[in-house]
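Working notes, structure below.
Each value in this text was obtained by applying a stated rule to the coordinates, not by laboratory testing. All figures in this text were calculated on a predicted structure; none of them were measured in a lab. Heads up, the Cβs are rebuilt from the backbone with ideal geometry, glycines too, and the neighbour counts pull from every protein chain shown.
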Amino acid sequence: MGILPTTPRVFIQTADFDLSTEVSILRDQNAGVGAVCSFVGTVRDRTAGLAGSISSMELEHYPGMTEKSIEVMIDAAHQRFDILGARVIHRVGLLQPLDQIVLVAVTSAHRGESFQACEFLMDYLKTQAPFWKKEQTPEGARWVDARVSDDAALAKWGLLCSNTDA
Amino acid sequence: MKVSVKYFAGIREAIGASGESVETSAITLGLLRDQLIAQGGAYAESLARGNAVRMALNQVMSDETVALMAGAEVAFFPPVTGG
């Protein structure tokens, strides 16, 4: 059974987010928090290093499963690391270069646990949360290919992953 | 039995529907995939063996060996690319 969250931890939304506000909510005036680690993913304007090759990006998800799968990941992070809280926001819909896409923020008493849990959650999310990116390029729209390197990133936590397997 | 099947991303676009109710006697997700492939056309192309197709049963990531039950929600989709 998962750890019952007292406040919502996962938000899938079209709206942008503010890092300071989210960190403040996550810290929740808890003086036992000694470390906050956050990761923000942003939209690039390029693939293969070619600036301007992506004009926009559309994010699709699986309503219901996406939220549930990330809740499971946060439960797993709590079991694996001595963290105090975690908060994940993932945007969907149409995004432009420079836009923020994803936030993972974690609190713990000491830095090591929140650094690790933050990376663990991102590695997990990349390969196990049902989102799909479609890029708009000068040649037309194309679905982004999953990366084998993302499967390898999850494997380093001892978790088998076959997101890219045929 | 009837199951609810959902499609996402490139598979949704190829099949031209985000979901449908399917009558099946398949006892696993793999056999349901075979049944859909047998319909030919876009189903056969997008769900073909050799394509990277992920699947979920009742909104949990699953594989082809997982047992199917009446009323289940099954989803077929390409490898995920969030984050």
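Can you grab the distance from the C-alpha centre of the range A:8-52 to the C-alpha centre of the range A:95-166, Å, no decimals?
The range A:8-52 and the range A:95-166 have Cα centres spaced 13 Å from each other.
Mind checking which of A:Ile25, A:Ile101, A:Ile89 has the largest fluctuation in a GNM of chain A, springs on alpha carbons under 10 Å?
It is A:Ile25.
Net charge near A:Asp99: determine it from the other residues with C-beta under 9 Å of the C-beta of A:Asp99, scoring Lys and Arg +1 and Asp and Glu -1.
On the way: positive: A:Arg91; negative: A:Asp16.
Result for the neighbourhood of A:Asp99: 0.
Residues of the range B:17-39 with amide nitrogen under 14 Å from the 7 Å Cα-to-Cβ point of B:Asp63?
B:29-30
Taking Rh as the Kirkwood radius computed over C-alpha pairs, what is the Stokes-Einstein D of chain A at 25 °C in a medium of viscosity 0.890 mPa s, expressed in µm² per second? Could you put the intermediate results ahead of the total?
Numbers: Rh = 16.7 Å.
Roughly 147 µm²/s, to the nearest whole number.
At 7 Å along Cα-to-Cβ for each site, give me the label-to-label distance between A:Gln96 and A:Arg142 in nm.
Here the answer is 2.4 nm between the modelled labels.
Please check: in the Gaussian network model of chain A (C-alpha springs, under 10 Å), which one of A:Gln96, A:Gln13, A:Gln29 has the largest mean-square fluctuation.
A:Gln29
How much of the DSSP beta bridge set in the range B:2-77 is antiparallel, as a percent to the nearest 5?
Numbers: 13 of 18 bridges.
Antiparallel: roughly 70 percent of the beta bridges in the range B:2-77.
List the trypsin sites (Lys or Arg not before Pro) within the range A:129-166 that DSSP assigns to loop and that have no more than 14 neighbouring Cβ atoms inside 10 Å.
Values: sites: A:Lys133, A:Lys134, A:Arg142, A:Arg147, A:Lys156; in loops: A:Arg147, A:Lys156.
Filter output for the range A:129-166: A:Lys156.
Compare A:Thr107, A:Thr137, A:Thr21 in a GNM of chain A, Cα atoms joined below 10 Å, and give the one with the largest fluctuation.
Between A:Thr107, A:Thr137, A:Thr21, it is A:Thr21 that shows the largest mean-square fluctuation.
Using only the alpha-carbon atoms of chain B as identical scatterers, what base-10 log of I(q)/I(0) does the Debye formula give at q = 0.16, 0.20, 0.24 Å⁻¹?
So the normalised log intensities work out to -0.52, -0.85, -1.27.
Just in the range A:1-96: which chymotrypsin sites (Phe, Trp or Tyr not before Pro) are loop by DSSP and have at most 13 other Cβ atoms within 10 Å? Walk me through the intermediate numbers first.
On the way: sites: A:Phe11, A:Phe17, A:Phe39, A:Phe81; in loops: A:Phe17, A:Phe81.
Loop-located and lightly packed - none at all.
Quick one: which residues, 5+ away or cross-chain, put their amide H under 5 Å from the amide H of B:Ala52? H built at 1.01 Å from N.
Sorted by chain and number, the residues that satisfy this come to none at all.
Which of the three applies to the range A:75-166, rounded, prolate or oblate, going by the alpha-carbon gyration tensor with a ≥ b ≥ c and a/c under 1.5 meaning rounded? Write out the running numbers ahead of the final one.
Details: a/c = 2.97, a/b = 1.56, b/c = 1.90.
It is oblate, given that a/c is not under 1.5 and a/b is not larger than b/c.
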